[in-house]
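Got a structure for you, written out below as structure tokens; questions coming shortly.
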Amino acid sequence: MKKRAWFAVAFAAAATPVLAQMGGGRRGNRGRPSEEPSKGGGQEPQADMLEVTLHEFHEDLKLSPAQEPAWESYLDKVRALANDIARERSKGRTAAQGSVLQRVDLAVDAARNRLTALEDIAQAAKALYGGLSADQQRVADPRLANIMSIPLASGAPPRK
């Protein structure tokens, strides 16, 4: 039963952005490309939020040079998830034109892809956390897992 409930939550988290995109564009951002950071597009503040949070977290951890590779792996995985979500959203309008069964398949594929990305982040987070000192672990405890939810909530692409 618990596994079924967990799958339902994971599926809902993965499918919500896809289904929302199928419903059309965001108010105030229709027809405008979101890749123009200088124009103040609707997704820039969310992308900045992810990058600022990652930057602040990195500074607060005060990593040694030996710990940097584990950080970079974690960072790459979080950014990859954000890019995947942004790519799914950009495909959303064309996907909305498909049949209902194609849209169901799209939602299931998105959930699978999202789960794989989350598992990759979890593996990188465990490796990073395992290499931290006790003081660094205290800094990481409230934030390490929460950072991976930022791309899920916003669907914003990272800037780098």
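All of the numbers you see were taken from the coordinates with simple rules; none came from a lab. The structure displayed is predicted, hence computed values, not measured ones. Every residue, glycine as well, gets a Cβ built from its backbone with ideal geometry; the counts of neighbours run over all protein chains shown.
Any idea how far apart Asp48 and Gln123 come out in nm if each label point goes 7 Å out from Cα toward Cβ?
3.5 nm
Where does each of Tyr129, Tyr74 land when they are ranked from fewest to most other beta-carbon atoms within 10 angstrom?
By the 10 Å Cβ count, ascending, the order reads Tyr129, Tyr74.
Apply 1/(1 + (r/R0)^6) to the Cβ-Cβ distance of Asp60 and Thr116, taking R0 = 35 Å, and write down the FRET efficiency to the nearest 0.05.
Step by step, r from the Cβ atoms, then E = 0.75.
If I model a spin label at Arg87 and Asp105 as a point 7 Å from the Cα along the Cα→Cβ vector, what separation in nanometres do I get?
Output for this residue pair reads 1.9 nm.
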